[in-house]
Every structure is written in C-alpha cells, then in structure tokens.
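Contents: one structure, followed by commentary.
The values are calculated or read from the model by the stated rules, or taken from the named source; none is laboratory data. Since this is a predicted model, take the numbers as computed values, not measurements. Cβ placement follows ideal geometry from the backbone for every residue including glycine, while neighbour counts extend to all protein chains displayed. Surface areas here come from the heavy atoms of the whole protein model, side chains and all, with no ligands, DNA or RNA. Shrake-Rupley method; radii C 1.70, N 1.55, O 1.52, S 1.80 Å.
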Amino acid sequence: MGRTLQNTMINLGLQNACDEAVYQLGLDMEELEEIEEDAGLGNGGLGRLAACFLDSMATLGLAAYGYGIRYEYGIFNQKIRDGWQVEEADDWLRHGNPWEKARPEYMLPVHFYGHVEHSASGAKWIDTQVVLALPYDTPVPGYMNNTVNTMRLWSARAPNDFNLRDFNVGDYIQAVLDRNLAENISRVLYPNDNFFEGKELRLKQEYFVVAATLQDIIRRFKASKFGSTESVRTVFDSFPDQVAIQLNDTHPAMAIPELMRIFVDIEKLPWDKAWDITKRTFAYTNHTVLPEALERWPVDLVEKLLPRHLQIIYEINQRHLDHIASLFPNDVDRLRRMSLIEEGDTKRINMAHLCIVGSHAVNGVAKIHSEIVKTQVFEDFAALEPEKFQNKTNGITPRRWLLLCNPGLAELIAEKIGEDYVRDLSQLTKLHEFVDDDLFIREVAKVKQENKVKFALYLEKEYKVKINPSSMFDVHVKRIHEYKRQLMNCLHIITMYNRIRRDPTKLFVPRTVIIGGKAAPGYHMAKMIIKLINAVAQVVNNDPTVGNKLKVIFLENYRVSLAEKVIPATDLSEQISTAGTEASGTGNMKFMLNGALTIGTMDGANVEMAEEAGEENLFIFGMRVEDVTELDRRGYNAQLYYDRLPELKQAVDQIKSGFFSPKDPNLFNDVVNMLFHHDRFKVFADYEAYVKCQEKVSELYLNSKAWTKMVIRNIAAAGKFSSDRTIKEYARDIWHVEPSDLKIPPPNEPRDAGQDKTPNGTAA
C-alpha cells in the first residue's frame, strides 16, 4: 500500500489546505510525509495491483472490501553491504499506525487440525485448535467523491484459555508464553515473488485470511435484507447476486472448499446447491505462468491442518473427473492432466485447477498472457469451457502514479486538457493535439529535467553519489528474478563500459543506469545478480577513463515510496523479460504515464502499450513468443551466441575471469555456468538485438525535441492503463455491478430522501 498521508489528502481534495496549514505551524509538509513508514504488506506487482484496485473501486463508488493479513513484519528492508543484499526485519508498526482502527467487536474464530466425524446429520470437524482473527480497518477514500471503502486486515490472537483448558495446567507460565505459537500466523510476510514455498505456516496464513473473511462476508449477508431468515435457516439463493469474491492468484484458493464446508456442514445445504452458489460467487485471476510459482500443496499437510477441507476437495475432484470422463470416455491422460490431485512422489493439490473448477470466470492480466493461459497452461480447461476464460489487462491508479508522484506533469496536462482526465484517463488522447506545440514540448522536457535534478539531489543526500542530471536516466526497477533479465541489462552496461574504454574520444551519450529491487532471501541466483551489478558498478564508477559518461547505481530497498521518486525522473524504462514470462507488468505503465520511453520485449502489457502508442514510439526488440517456442523446439545453445558475438564474449569473459571480482576471481562462476548451461530465459539469444536497440535509444536521446515528442505520444496513449478502466471491466464482465459516479454528499450536508437509497448491486 505504501504511504497513506499524501494519498488521503489528494483524494479528499485537501492537499493545498493542509500544506498551507502545516506551513503556518512552521513545518514542511514534505518533511512530514517522509516520516511515514511504507505499508509493505505484499511482494511486488501482485500486492501493488491490489492497492491500485482498492483506489479505483472506491473512486468508482463500488461497495468493495479488500481483505488481507495485517503482518507485523512486512517485506524485509534491504541493505546493501559490500555489494551483497542483507535483510532486516520491517518493523513498520514500531511507532503505531494512525490509519488503522482495531475492531475487536468483529473478532472471529479460525479452526486448525482436529479430525472429522461422520454421522447421519453430516460431517463434524472436531477437537480443533482455535485462533482468533482480530480485524483492523483502514479507510480507502475514493477520489473527490466522498466515498470511503474499507480495507480489513486480520491479525491473529490466541484465545484467553489457549493451552490452559488441557490437562497440562501444571505449567501456567509456559502456557501463556505458548500463545505466541497461535499469534505467529500474522507475524511475517513470506518474501517470495513468483515462487511457491510449501511451508505449513504459509498454508496456515492462507486459510486464516480465507476463513475469517468468509465468516465476515456471511455475517454481513445475513444481517442484510437479502439474507432473510425463515425459521432461523438463511436462504442463500441470492448469495451470488449480492456477493462477488475475486481470488487474487491462488493464494486464497482454500476459500472454495471453505465456503462449501460452511454451506454443506453448517448451513446444511445439499451439495449440488452449495456447489452452484459457490461457483457463481468466485472468480479467479491468474497472475503467472512460471511453473515454479504455481501452488501445489502436499496432501499430507492439508490432511493434518485442514482434514475436512481435504475431504471436500476430494469430493469436488471426484465429481469433476466423473464429468470429464462422461465427455471423454477412456481418455485417462486427460483425466490425469485435469485432476485437482497430482500423483507422484508426494500427492499434491493443484490449487490453480481448484480455482478454475470452483469459479465462474478465470482471467489473465494482459492480452498475451490470457492467450497463453488459454492455449498452453490451462488448455484442457479452456477447451471444456471457453466462455469461462477472459482477459482483464492490468492498470495503475493515476492518483498515486501521476498526481501524487508527479504534480508538475499532472498540472501541465491539466492546463492543456482540463482536470477531468484524473477520473477518465482516456482523455489523455487529447494531448495528441499538442505533439507539435513547441512551448508544450519545452514544458514537458522542463518538468522531466526538474524531476531528474530533484532525484539526483535525493541520491546525493541518501547515498552520497553524485550523478549528472543531464545524462539519460536508464532505470530498471522491479523484483530481482532471472526471468526479468537484470543480467541482460548488466551485460549491456559492461558492453558500454568496454566501448568507452576502447575509444574514449568517440561520442558517447552519457547514461546513469539505475537498477533496483529485492531478491527473495532464499533465491541464490537473484542475490548473485545483485552482487554482480554492484561489482560492475564499483569498477565502472571508479574508472577515470569513463568519467561521467557512465554511472551505475543499485537502488537500495526499492519500495512504493522510492518508486514514487524514481519513476517521474526516468528517461528510459527497462521492460526486458523473455517474451511469454511477464504476465503483465505494471511498472511499465507507471513509467509510460510519467514521460519515460520504454525499451522492451513483446511481453505482458508492453504489447498493448505498443498497440496504443504505435510500435514506432517504443523501443521494441528481441524474440516474440513464437520465436522463443521455436528456439525451445530447436534447443537453445548459449555457446553459439558467445562464439558469434565478440562483445558478448568479452563481457562474459570479464565476469568469468574475475575482472569485476579481483579478490575472488571465481565469485561469479555460478552465474556464468547458468548463462551457458541452464538459462531458461535465454539472455544471450536477445543480447545482440538489445544492444542494437539501445544504440537507437542513445541516438534519439541526442535529439531532445524528437525524444520529447515521442514522450508526449506515449503519455497521450497511456489512458487505457488506468486501473479505473480495469475495474470497470471486472465490474461489468465478472461481478455484474454498475459503477456509480454519484457523488455522495459530504457528511455536513443534509441528504435528500431521494439520494438515500443505495443502488442495487453486488458487494465485491
């Protein structure tokens, strides 16, 4: 979520008033804003997307709730020591959190372990361990519409009789100390991005958020006029018409068997009715196609922790497979492929399959990704129910990612086309009229230059590095992962360095290359990549031959509040994942909206950015998905590229020989070995095209006016990538609710009786 103060002021239309009031108290608002900690409750794009969606849902007047876990420790703080990433705990609640309100009156029990008893009256899950879920509510204000939605985060609490009802009353002190075991559930965020780690505590977290949330939703449904109680028994027929639940990846997939458990075991609905309601309630968004990221929980673990849920999953699977067998008799391989249960060394539950079977809609997050989901990853399911599969291209909120972080540019745009674009970003197309307006071109360039100077000053203050603000700011910020190919950027840096040394007198367009992002603590290769970038920076930044032509900076502790500073200052945005691996990306959209040009592959939303702006207004290079597929078919041989490309050979040899690690020449052996022998993401295959494309970038940068005109064309084409547009599509195609642009009157104005009725619709 990042910081809340400035976003709240902007959405309430109070920023100028607050700035002025604080100034009159002899304080500086910007200094005040810098004191607030980021709420870093997610890992990368997935968590930030949810934050943008909350902003858009409130702005569109949807009655929507965001549910999650109130981690005591969020994503770790990253320190760079001697070029290595070192993790520190993110104690973000140390000074309290003024934005949250604990709601102990809505505390709910969550059950674990125990066993199942079957009788004539149905199944009973008994002898469980209970953990309490305490909700904390954070307000989510819409933009200038007097709407405030709620983000409800659950914190784990031990019940007061925890460990004291048993026979071991002997050790009272130990029993109280053991309360930590229950409360550890919400202690810390697992720091993996695009990687599945099948730990028991993680499964506990996933079920914890799901069980608490579903109880909360059902409580609210029963309290409303729709959950009419006839002789104590609630009628749930209207449930899917009143409630829509969107599963953000498979992490909350246990919601499907949990809702079935509530309907069948507790509310005593017949299975078929319960299943129909459940399917019509849930929809699933897939966020990755990387096989190592797909959640596959061991059956043994689920059986121990959630015995009833395992039985329900087996029943869902049995009925699912019976259905497939009736359509495709004797096709045992299809049954194996489509089963929710994977046989093997250890039997596992494929959570994506559970989500697809238990949802009425499945979507990818960019056109190309949704195609890959349909034709490759889940092709059997899409063949069965093609109408279930959709696309919803991701977006970003223009409130945080333009108004808040780039007020200079936001104001410049408003002068030309008015202020309405903030709520309707498609209006940015009006900027096409000004692409040849010399004054506007100069003003856009001036705002960018001011942002660069400001960021250069920040880097000098925080990191004691001096950089040249007139150099091209070439920025690659995102989680560190092999598929995102920070290594390819690194090879380009080494190539530029070698070219400068080969001919120091030759014209070279000065660059400051900024790379930032966190590596999962257990991801060895990602940590080696960080070390390599820092080792290369050490050499490049201290070579007098290079001077200020080339500087390399690794941005420590990349997070939302730092993104808000670096993105508006960026000239060139690096979006260079291997085609077919980045589901969408959203950083790419933030850079586009803030006047950077993109160098990128035809991957994720880059494809649609090129479609909107015209491919000639992005620097697109490298293999397309088809080329990658073809290369896989032929067999990728890294050695071929190394032998054929002298500059690649030189760069790789320098890494291999210890040129960048003279004290330990073998330091990067693992990296080099990976690049030659098991590089799934084919860095060498795109190297040549990348370097050539970078030459075009430098050439255009020399012509400031032509560069800025291309920037304006990009900003004018960025309207599609508002999360407002994304959410309108979810609302229309999946949740079946109408966004309302009715501005609720402020609380100090009396409401007309006519305005008091809420429009009918689903709560998402």
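Can we say E100 is at pLDDT 95 or above, touching a Lys or Arg at 6+ places or on another chain (Cβ under 6 Å), of a type in the set (D, E, K, R) and farther than 22 Å from E564 by Cα? No; evaluated as a whole, the condition is false for this residue. Restricting attention to segment 593-626, the residues being in contact (Cβ under 8 Å) with a residue 24 or more places away in the chain and among the acidic types (D, E) number 3. Where in segment 635-728 are there helices (runs of 4 or more DSSP H), lying wholly inside it, with at least 3 residues that are assigned by the TED database to the domain that holds V536 and closer than 30 Å to F434 by Cβ? Answer list for segment 635-728: 683-702, 704-716.
Filtering D55, D19 for residues that are surrounded by 23 or more Cβ atoms within 10 Å (Cβ to Cβ) and part of a helix (DSSP H, G or I) leaves a single hit, D55.
For segment 352-404, a residue qualifies if it is more than 22 Å from Y314 (Cα to Cα) and of a type in the set (S, T, Y), and the qualifying residues are S370, T375, T393, T397. Out of the residues in segment 455-484 that are of a type in the set (K, R) and touching a helix residue (DSSP H, G or I) at 6+ places or on another chain (Cβ under 7 Å), state the one that is nearest to L409 (Cα to Cα). Taking the candidates together, the pick is K478. Return yes when I533 is over 27 Å from K590 (Cα atoms), at pLDDT 95 or above and crowded, with 17+ Cβ neighbours inside 10 Å and no when it is not. Considered against the rule, which asks whether it is over 27 Å from K590 (Cα atoms), at pLDDT 95 or above and crowded, with 17+ Cβ neighbours inside 10 Å, I533 comes out as no.
Kindly indicate the residue of segment 641-666 that is touching a residue at least 24 places away in the same chain (Cβ under 8 Å) and closer than 21 Å to R680 by Cα and also most open to solvent (accessible area, probe 1.4 Å) among those meeting that condition. Checked segment 641-666; the qualifying residue most open to solvent (accessible area, probe 1.4 Å) is Y641.
Of the residues making up segment 476-486, just one is in contact with a Leu (Cβ under 7 Å, 6 or more places away or on another chain) and of a type in the set (A, V, I, L, M, F, W, C), namely V477. When the helices (runs of 4 or more DSSP H) confined to segment 358-454 are screened for residues that are at pLDDT below 95, β-branched (V, I, T) and open to solvent by 20 Å² or more (accessible area, probe 1.4 Å), none reaches at least 2 such residues. Residues in segment 122-145 that are assigned to a loop (DSSP other than H, G, I, E, B) and open to solvent by less than 70 Å² (accessible area, probe 1.4 Å): 4 in all. Tell me whether segment 539-561 contains one or more residues that are assigned by the TED database to the domain that holds L487, in a helix (DSSP H, G or I) and in contact with a helix residue (DSSP H, G or I) (Cβ under 6 Å, 6 or more places away or on another chain). So far as segment 539-561 goes, yes, one or more of its residues are assigned by the TED database to the domain that holds L487, in a helix (DSSP H, G or I) and in contact with a helix residue (DSSP H, G or I) (Cβ under 6 Å, 6 or more places away or on another chain). In this entry, P504 is excluded by the filter for residues that are closer than 16 Å to K590 by Cα and not polar (S, T, N, Q).
Kindly establish whether L60 is surrounded by fewer than 16 Cβ atoms within 10 Å (Cβ to Cβ) and among the hydrophobic types (A, V, I, L, M, F, W, C). Here the answer is no, as L60 does not meet what is asked. Residues of segment 121-157 that are of a type in the set (A, V, I, L, M) and either touching a strand residue (DSSP E or B) at 6+ places or on another chain (Cβ under 7 Å) or within 21 Å of L41 (Cβ to Cβ) (or both): A123, I126, V130, V131, L132, A133, L134, V140, V148, M151, L153, A156.
Taken together, the residues in segment 322-347 that are acidic (D, E) and in a loop (DSSP other than H, G, I, E, B) amount to 3. Restricting attention to segment 151-161, does a residue exist that is over 30 Å from N534 (Cα atoms), at pLDDT below 95 and of a type outside the set (G, A, S)? The answer is yes, given that some residue of segment 151-161 is over 30 Å from N534 (Cα atoms), at pLDDT below 95 and of a type outside the set (G, A, S). Being assigned to a helix (DSSP H, G or I), open to solvent by 40 Å² or more (accessible area, probe 1.4 Å) and in contact (Cβ under 8 Å) with a residue 24 or more places away in the chain is a property that L46 has.
With respect to the stated conditions, K709 fails to be surrounded by 13 or more Cβ atoms within 10 Å (Cβ to Cβ), in contact (Cβ under 8 Å) with a residue 24 or more places away in the chain, touching an Asp or Glu at 6+ places or on another chain (Cβ under 6 Å) and not hydroxyl-bearing (S, T, Y). For K279, are the conditions met, namely being open to solvent by 70 Å² or more (accessible area, probe 1.4 Å) and over 30 Å from D603 (Cβ atoms)? Taking the combined requirement at face value, the residue does not satisfy it.
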